[in-house]
Amino acid sequence: MSMGTQAQAASYGTPSIALSAAYLSGAVGATGDPTVSVTVGQSGADAGALGVKVTASSRTSVATTGDVTITGTGAARKLVVAARGRGYTDLTVKVTGVDGQTASKTLHYAASAAVQQSADSRYFTGSSDASAAVDVGGGYVVVADDESNVLRLYDRSTSGAPVKTWDFSSKIGVTKEIDIEGAARVGDTIYWTGSLGNNKDGEYKPARNTLFTTKVTGSGAATTLSYGGAYKKLRDDLVAWDEAHGDRYGFAAGTADGEIPKEANGFNVEGLEFAPGSTTTAYIGFRAPLVPAVSGGKALLVPVTNIDKVAGSGATATFGTPIELDLGGLSIRDIRKNAANQYLIVAGSWAADDNTDPYALYTWDGDPAHAPTKTLDLPTSDPGGWEAVIDVPDLTAPGARAQLLTDNGSADLYGDGTEAKDLTHAEWKKSRAAWFTLGS
């Protein structure tokens, strides 16, 4: 090497490489999987002249180097993986400088299995336990989690991490999970309710007996939430109301110490939505009990007729005439309506371990005298359980489509026996949003 060449080589620094995330999740056959931003540079060199590629995969059955696409120019590149199999692999991402020097980073990648409606599915990462969702316009949705009190804002059209997050635990005055299971919006106010039931061991946890509100400002990616108010006695009011009416639904027994909430005669709330044309009466949808609490029983809705005052000023809840719906022996996992008072109901089992039990989607007009109509069966072979309707389209429109959301908390997403809620990296936790054509 000549002295001139040596001087030229010495003028370049060691190349640098940085990944926007060290952990990434994808799915076999997925559309719009999350990406990772790769930032590269080298002192004294044009970043556009640097080479970036994946040089090794620790498990090629999950993804080979050829399954990785890197796009972009200059210092900013983008990496996406097309998974070929379920599981984990470490991908070595290397940058090569203009003088041949190299640097590398490891991307820890996890791929879940292919699912039905793959092309119509998106994965919301950062949490696996999606439990309630509210559309905020502009193609965005706020999603609640039943394992924490964090509310997350997602782009409905793409897979990836939340755009924003909020946690109002300190304002509500709770340190434990509320077990958020239901949500409903009226005007600029979103009502969120806990399950109101005991935990899985039959223990009363006060935080679960919480109804709270948030105020929405803006829409889409610019959405902001602020805290409204909270009420922590809705379960007590329901039990007292039921006792005053002859223990018709067994709420006192279902909430007793040691009683498991996810039993046919248990006590567990999973849905919340306003009555037709009302801004003050909301339907509470029960996963349990069934009515009667036997196979083939009906699903239960109880109207709270002053929910605005309950959450706004702490007034004791008052209740209207209960509604019993025939959902083919299933109970309510979510209920959502549109501005035309057309309702969609996600129906599922009351059981705790219900991943293989049937799910169905029903339409309803909100009239207690009218029966809901089954519009389609939902897949049961996919991991997770169907938990939320993001919004309701015009149900009279041909080819109307609704986007539903799963709770994947108990699912083994990557084939290693680990439940998703127990994964150590938030980027690997995810829930699935899928579009369904109604009536198909």
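The values are calculated or read from the model by the stated rules, or taken from the named source; none is laboratory data. Being a predicted model, the structure only gives us computed values, none of them experimental. We place every Cβ from the backbone using ideal geometry, glycine too, and count neighbours over all the protein chains shown. Ligands, DNA and RNA are stripped out before the accessible areas are found, and what is left, the full protein with its side chains, is counted by its heavy atoms. Shrake-Rupley method; radii C 1.70, N 1.55, O 1.52, S 1.80 Å.
Placing pseudo-labels 7 Å out from each Cα toward the beta carbon at residue 200 and residue 243 gives an inter-label distance of 3.0 nm.
Summing charges over neighbours of residue 163, with a neighbour being any other residue whose Cβ is under 14 Å away from its Cβ, gives +3 when K and R count +1 and D and E count -1.
Beyond 21 Å in Cα-Cα separation lie the following of the pairs 233/430; 171/205; 176/200; 171/215; 164/337; 233/421: 233/430; 164/337; 233/421.
Viscosity 1.002 mPa s, temperature 20 °C: Stokes-Einstein D of region 119-236 from its Kirkwood Cα radius, in µm² per second? Reported coefficient: 148 µm²/s.
Can you pull the semi-axes for the chain, root of five times each eigenvalue of the Cα gyration tensor, sorted largest first, whole Å?
Details: eigenvalues 451, 92, 76 Å².
Gyration-tensor ellipsoid for the chain: 47, 21, 20 Å.
Can you tell me the FRET efficiency between residue 53 and residue 219 if r is taken as the Cβ-Cβ distance and R0 is 35 Å, rounded to the nearest 0.05? FRET efficiency, residue 53 to residue 219: 0.30. The dipole here belongs to region 25-90: it is taken about the Cα centre, uses +1 on the Cβ of Lys and Arg and -1 on the Cβ of Asp and Glu, and is about 140 debye.
Here the label points at residue 120 and residue 357, each 7 Å from Cα along the C-beta direction, are separated by 2.5 nm in the simple model. The local environment of residue 259, defined by Cβ-Cβ distances under 15 Å, has a net charge of 0 under the rule Lys, Arg +1 and Asp, Glu -1. The gain in end-to-end length when the residue 278 to residue 341 segment is fully stretched comes to 21.7 nm, 0.36 nm per residue minus the alpha carbon separation. Spacing of the modelled spin labels on residue 256 and residue 367, each 7 Å from Cα toward Cβ, amounts to 4.1 nm. Can you tell me, using C-alpha contacts under 8 Å and at least 6 residues apart, the relative contact order of the chain as a whole percent? Taking the mean separation of contacting Cα pairs over the length of the chain, I get 13 percent.
Its alpha carbons give region 137-188 an Rg and a Dmax of 12.1, 34 Å.
Between the listed residues 428, 399, 362, the Cα displaced farthest toward the positive end of the dipole of region 360-440, a dipole computed from Cβ unit charges relative to the Cα centre, is found at 399.
Volume per residue for region 299-440 equals 151 cubic angstrom (convex hull of Cα atoms).
Helix-derived [θ] at 222 nm for the chain: sum -39500 (n - 2.57) over DSSP H runs of at least 4, divide by residue count, nearest 500?
Mean residue ellipticity at 222 nm (helix-derived): -2000 deg cm²/dmol.
In region 380-440, inverting the average of 1/r over every pair of distinct C-alpha atoms gives 13.0 Å as the Kirkwood radius.
Calculate what fraction, in whole %, of the accessible area of region 1-100 sits on carbon and sulfur atoms when a 1.4 Å probe is rolled over the protein chains.
Carbon and sulfur atoms account for 50 percent of the accessible area of region 1-100.
Just the protein heavy atoms count here, and of the accessible area of region 256-328 at 1.4 Å, carbon and sulfur take up 48 percent. Note that region 175-309 presents 37 Å² accessible area per residue, ligands and nucleic acids not counted, probe 1.4 Å.
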